[in-house]
Amino acid sequence: MPQNLLVPFDGSPLSKRALEYAFDEYDDVSVVVLHVIDPTDPGYSSVIDVDVRNEPLHGSKDWYDRAHEVEAQLFDEARELAADADGEITTESAVGDPAREIVDYAEANDIDEIVIGSHGRSETSRTLLGSVAELVVRRSPVSVSVVRGPET
């Protein structure tokens with residue numbers, strides 16, 4: 001039975017489902033919610049409605065400040081989900097490639113399992129589009145539970 005879970009969280013419905021799943025499936029576990037700011041994706045925070053005409057220049061100090069504001073909102077949302085499940089979380093953040101940062105965090109910390117959301121894409125679609133969850137599953141040093149969404 002895992003004691004320490006890592007749940008990558010970007011605010012998407014699937015990351016929310018993954019966090020809910022972690023609390024539904026496991027009792028008395030420590031849950032770390034990890035948010036990764038991806039500097040290669042100017043719209044990484046697209047789960048939050050923004051007017052792109054008013055957004056700061058990608059990669060600028062203002063862009064990173066905005067990214068951290070979005071991150072704070074996401075952590076508040078994750079805390080609310082945890083509280084609804086009578087659970088608690090620890091929040092962590094990283095900047096970089098999401099799959100790499102998730103795996104690196106699991107390797108560097110006492111993580112027993114990663115619980116991650118993933119679109120239920122077809123084999124062809126997954127190959128063409130790539131998937132953070134797919135890369136995490138392939139590279140993870142620990143067990144990974146994939147919470148799937150509907151086929152797309």
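Quick note: the coordinates plus some simple rules give every number you see, no bench work behind them. Since the model is a prediction, treat every value here as computed from it, not as a measurement. Counting neighbours? That spans all protein chains shown, and the Cβs are built from the backbone with ideal geometry, glycine included.
For the reader, a short list of remarks on this structure follows.
- Under 5 Å between amide hydrogens, built in the peptide plane, is the criterion, and for V144 it picks out I114 among residues at least 5 positions away or on other chains.
- Working note: Karplus 6.51/-1.76/1.60 with θ = phi - 60° gives the stretch 133-146 the couplings 4, 4, 5, 5, 4, 5, 9, 5, x, 10, 4, 10, 9, 9 Hz, where Gly and Pro are set to x.
- Spin-label pair H68/E92, simplified geometry with 7 Å Cα→Cβ offset, distance in nm: 1.9 nm
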